[in-house]
1. Hey, among VAL183, VAL152, which residue is within 23 Å of SER262 (Cβ to Cβ), touching a Cys at 6+ places or on another chain (Cβ under 9 Å) and outside any helix (DSSP H, G or I)?
2. Restricting attention to the range 79-96, report how many residues are farther than 23 Å from ASP59 by Cβ and touching a Phe, Trp or Tyr at 6+ places or on another chain (Cβ under 9 Å).
3. Condition (residue is modelled with pLDDT of 95 or more, in contact with a Gly (Cβ under 8 Å, 6 or more places away or on another chain) and of a type in the set (Ser, Thr, Tyr)) applied to the range 249-260: is it met by at least one residue?
4. Answer yes or no: is there a residue in the range 48-67 that is of a type in the set (A, V, I, L, M, F, W, C), within 11 Å of the ligand (Cβ to nearest atom), surrounded by 21 or more Cβ atoms within 10 Å (Cβ to Cβ) and not in a loop (DSSP other than H, G, I, E, B).
5. Among the residues of the range 107-149, count how many are small (Gly, Ala, Ser) and either within 16 Å of the ligand (Cβ to nearest atom) or assigned to a strand (DSSP E or B) (or both).
6. Taking the range 163-182, which residues are more than 14 Å from the chain's Cα centre (by Cα), within 16 Å of the ligand (Cβ to nearest atom) and closer than 20 Å to TYR147 by Cα?
7. Any residue that is closer than 22 Å to ASP26 by Cα, out of contact with any Phe, Trp or Tyr (no Cβ under 6 Å at 6 or more places or on another chain) and modelled with pLDDT of 95 or more - is there at least one of those in the range 114-131?
Amino acid sequence: MKKITISDLNNWKVLGKKFAAITAYDASFSKVFDSQNIPVLVVGDSLGSVIQGKPTTLDVSVDDLVYHTQCVRAGSPNAFIISDLPFMSYHTPNTACESAAKLMKAGANMIKVEGGSWLIDTVKILTERSVPICAHLGLMPQAVNIYGGYKVQGKTEAQATEIMENAQQLQQAGAKVLVLECVPAKLAQQITLELNIPVIGIGAGKDTDGQVLVMHDILGVSANYIPRFSRNFLAETGSIEAAVTKYREEVEQQTFPDDKHSF
Ligand code: KIV
């Protein structure tokens, strides 16, 4: 696979070419993903669940993310790597800069932060300091204790309007990519059409520019439950390489996610 940059993601959006992303946490799997032409890898704080076996992502540290970002970069020199800032590592612009710098030095191409309008100054400051930002809206797992569980967001008119407005404001502040998690497919479609930046969906229907799934869910080996929007591609194909390629091809051809795997 050739080296992937933000320009590729932008071009794919303009061309309407859908792209696949997968979470990754180590060198061996990121090497497999690279060999199967997965252009975007997300080193997510989902590692708290799938690697550390915890019930939420809240206990993940910046050091954990640095370590796993280094591992993933070692296995995939070419993928575009988005690394998560974990819970309470970006609650002020200063802490955000310090935490983000560590992840960029570890090999990330872009840093992901969960949150709406309260993050606008932070996104501006990080962008001005040459840290490309991926915003994350919809279901934000770090806010699980506010929601009282992992629930689909944006189902009411008021919630949908708030998510749309936050997306526009974060783009305006400088965010270069948006992840939308667990929102109705119709809302994700509207936001994807409205924004100029690439939108990557997870549980957000088939119309976003890209899709991302947690690798353990694709392979059916999650320590926790497998969400209803995900699919066990390994069970369908019989090898890890074939599962990853089938997932990529179905995203590119827009046969995944279908209605059964959307809200
Ligand atoms: O933590 C994570 O892995 C994520 C992706 C699923 C987008 O946020």
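1. Values: VAL183 fails: touching a Cys at 6+ places or on another chain (Cβ under 9 Å).
Result of the check over VAL183, VAL152: VAL152.
2. Of the range 79-96, the ones farther than 23 Å from ASP59 by Cβ are 79-80, 93.
Then drop every residue that is not touching a Phe, Trp or Tyr at 6+ places or on another chain (Cβ under 9 Å), which leaves 79.
Of the residues in the range 79-96, 1 are farther than 23 Å from ASP59 by Cβ and touching a Phe, Trp or Tyr at 6+ places or on another chain (Cβ under 9 Å).
3. no
4. The answer is yes, given that some residue of the range 48-67 is of a type in the set (A, V, I, L, M, F, W, C), within 11 Å of the ligand (Cβ to nearest atom), surrounded by 21 or more Cβ atoms within 10 Å (Cβ to Cβ) and not in a loop (DSSP other than H, G, I, E, B).
5. The total comes to 6.
6. If the condition is that a residue be more than 14 Å from the chain's Cα centre (by Cα), within 16 Å of the ligand (Cβ to nearest atom) and closer than 20 Å to TYR147 by Cα, then ILE163, ALA167 are the ones that fit.
7. Residues of the range 114-131 closer than 22 Å to ASP26 by Cα: none.
The answer is no, given that none of the residues of the range 114-131 is closer than 22 Å to ASP26 by Cα, out of contact with any Phe, Trp or Tyr (no Cβ under 6 Å at 6 or more places or on another chain) and modelled with pLDDT of 95 or more.
The values are calculated or read from the model by the stated rules, or taken from the named source; none is laboratory data. Keep in mind the model is a prediction, meaning the values are calculated, not measured. All Cβ positions, glycine included, derive from the backbone under ideal geometry; neighbour counts span all protein chains shown.
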